[in-house]
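Structure record follows, encoded as structure tokens.
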């Protein structure tokens, strides 16, 4: 027992976590390689080495790189437009109790409908192409942001509002100095969810009506039974999504630091 | 409060929080409820009227069906049983995938929460898979499991698993160590502590994750069905597209929204009914 206790290392450090993570990746990759070799059919399970080759091709080939950039562009455009829209919508709805009570049921209804279901009306109204894909991405981003903005405004400390009234702060001042700071952390939670949903929506839309993009590449790879390319596409999606999330959190903590005073900005 | 307030900000469900009511006399609450119902009904009438008017004013009413056309399609689909079959097929997939995925998520979460080595090794994968949309797996899943039910249910399992697992990890690692130690001192084995201490303490987090997972399941089922299935609401949407039967598409969307809303409400109701004893401790508010 004592030998085990002595050999036990501290696993909570950053270095230990990175090391364990790398170990995990190596173990899984080795197991994957072994299973792939045992299966012996790259159409069913391509080996990690094949996937890496396909991945390098996907990123270096100008054609597929355009697909990657198309997806990124759609996510960014749709997410920004949707978030701004959601913010305005949420602020408008959240600031007036009557409007909130009036529109709440509809927001909750629309939020439950999968963005991808709107691809059909979108294509009928906007045609098969870019606007329809963007519509679906915007739809995916609007509701989390709007609903969290409303929550943020509703969660404002009533005492702060009373204090603002007591010191004679104007409605505009109350909005800018009390409501906005209280709502920002909520808005950011919504925006982060919206970013993830935008990635989901864009892949679905590209698979169904897209002529380019990572979703299209993955769908196309299936038609041509290019399983390695399918996996490469999945890998790129995961990495790009992760990088965007990192970027979002980084921007949030640098741009909106002051709104997180006294709380833990996760 | 209809909010599940997961203490972890980033994992919180997006739900509309109403301002915490001050102490209020019941008759006042009743009047408020009546007023709210009146508002909703009134706005619904206005909305439906505006929708019908918009549809008639649109150049090609056929492409922008009004509420009457949608109601007609709804009645038709109800009468010939299409709607019941589609909704049943979709709901079955959602429930199967959601239950399997949530249970697997809890197990994975507890294991990862209990072992530093396991969680360290799994961390890159958990982070990675979180960002791979379920639909991206459509191809591989199809190759491995064919075009049948298994594939579609698995995609839903996938969307549910990670949200629930992440929340479970969060809950089990935030467990006050003293509770677990006390159980140990009282003679509880590792398994007993896991089942009687860690799991109950994680329930509020698990519930918050499961509610998000339920929403995800509704989103995933539609796209999975649109890419290939014989029945389901997603199929209805897709058929509506190929045969330009727009009212059918709207009917499917309407049913999807209502079913999603009803399931969410039922989930909250179930949590409020059966989850009371897990509430408390910390400041966690279960729905």
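Using only the alpha-carbon atoms of segment B:66-278 as identical scatterers, what base-10 log of I(q)/I(0) does the Debye formula give at q = 0.09, 0.16, 0.17 Å⁻¹?
-0.44, -1.04, -1.12
Measuring from label point to label point, each 7 Å out along Cα→Cβ, what is the residue A:163 to residue B:100 span in nm?
Output for this residue pair reads 5.3 nm.
How much length is gained on full extension from residue B:195 to residue B:149, taking 0.36 nm per residue of separation minus their Cα-Cα distance?
Details: separation 46, 0.36 × 46 = 16.56 nm, distance 3.28 nm.
Gain in length upon complete extension: 13.3 nm.
Can you give the calculated 222 nm mean residue ellipticity of chain A, where each DSSP H run of n ≥ 4 adds -39,500 (n - 2.57) and the sum is split over every residue, rounded to the nearest 500 deg cm²/dmol? Don't skip to the answer; put the middle values down first.
Numbers: 12 runs with 209 residues, N = 266.
Roughly -26500 deg cm²/dmol at 222 nm, from the helical runs in chain A.
Using Cα atoms only, what is the angle between the long axis of helix B:26-57 and the major principal axis of chain B, expressed in degrees (0 to 90) to the nearest 10?
40
What is the distance in Å between the Cα centres of segment B:246-260 and segment A:172-238?
The distance from the Cα centre of segment B:246-260 to that of segment A:172-238 comes to 24 Å.
Using a Gaussian network model of chain A with C-alpha springs under 10 Å, which one of A:205, A:146, A:122 is most mobile by mean-square fluctuation?
With Cα springs under 10 Å in chain A, the top fluctuation among A:205, A:146, A:122 is at A:122.
Starting from 0 in steps of 20 Å, tell me what percent of the Cα-Cα pairs of the protein assembly as shown lands in each bin.
Final binned percentages: 19, 53, 25, 2, 0.
What is the mean number of Cβ atoms from other protein chains located within 10 Å of the Cβ atom of each residue in peptide A:43-50, rounded to a whole number?
For peptide A:43-50, the averaged partner shielding equals 1.
Stretched out fully, how many nm does the piece from residue A:223 to residue A:98 gain, at 0.36 nm a residue minus the Cα gap? Can you show the working numbers first?
Numbers: separation 125, 0.36 × 125 = 45.00 nm, distance 5.20 nm.
Difference between extended and current length: 39.8 nm.
If you average the sequence gap of Cα pairs under 8 Å that are 6 or more apart and divide by the length of segment A:48-260, what percent do you get for the contact order? Display every interim value, and only then the final one.
Working: 256 pairs, mean separation 60.6, N = 213.
Rounded, it is 28 percent for segment A:48-260.
Can you give the FRET efficiency for residue A:126 and residue A:76, using 1/(1 + (r/R0)^6), R0 = 25 Å, r = Cβ-Cβ distance, to the nearest 0.05? Please list the in-between numbers first.
Numbers: r = 19 Å, r/R0 = 0.77.
About 0.80, to the nearest 0.05.
Please give the peptides A:125-137, B:162-174 ranked by average Cβ packing (other Cβ atoms within 10 Å per residue), highest first, as a rough proxy for protection. Intermediate values should be presented prior to the final figure.
Working: A:125-137: 19.2, B:162-174: 24.3.
Top to bottom by mean Cβ count within 10 Å: B:162-174, A:125-137.
What shape does chain A have by the C-alpha gyration tensor, where a ≥ b ≥ c are the square roots of the eigenvalues, rounded means a/c under 1.5, and otherwise prolate means a/b greater than b/c and oblate the rest? Don't skip to the end; give the middle numbers.
Numbers: a/c = 2.96, a/b = 1.39, b/c = 2.13.
The shape class here is oblate.
Helix A:14-39 versus the longest principal axis of chain A: what is the Cα-based angle in degrees, 0 to 90, to the nearest 10?
50
If I fit a long axis through the Cα atoms of helix A:62-95 and take the longest principal axis of the Cα atoms of chain A, what angle between them do I get, 0 to 90°, rounded to 10?
For helix A:62-95, the angle is close to 20 degrees.
Stretched out fully, how many nm does the piece from residue B:185 to residue B:258 gain, at 0.36 nm a residue minus the Cα gap?
On the way: separation 73, 0.36 × 73 = 26.28 nm, distance 5.03 nm.
Working it through step by step, the gained length comes to 21.2 nm.
At 7 Å along Cα-to-Cβ for each site, give me the label-to-label distance between residue A:170 and residue A:247 in nm.
3.8
Label points 7 Å out from Cα along the Cβ direction at residue B:84 and residue A:56: separation in nm?
Spacing of the two 7 Å Cα→Cβ label points: 6.0 nm.
Provide a whole-number value for the mean count of partner chain Cβ atoms within 10 Å of the Cβ atoms in peptide A:18-26.
Values: counts 3, 2, 9, 8, 3, 4, 10, 5, 1.
Mean shielding by partner chains, rounded to a whole number: 5.
Quick note: the coordinates plus some simple rules give every number you see, no bench work behind them. As the structure is a computational prediction, the values presented were derived from the model and not from experiment. Every residue, glycine among them, receives a Cβ derived from its backbone with ideal geometry; neighbour counts consider all protein chains shown.
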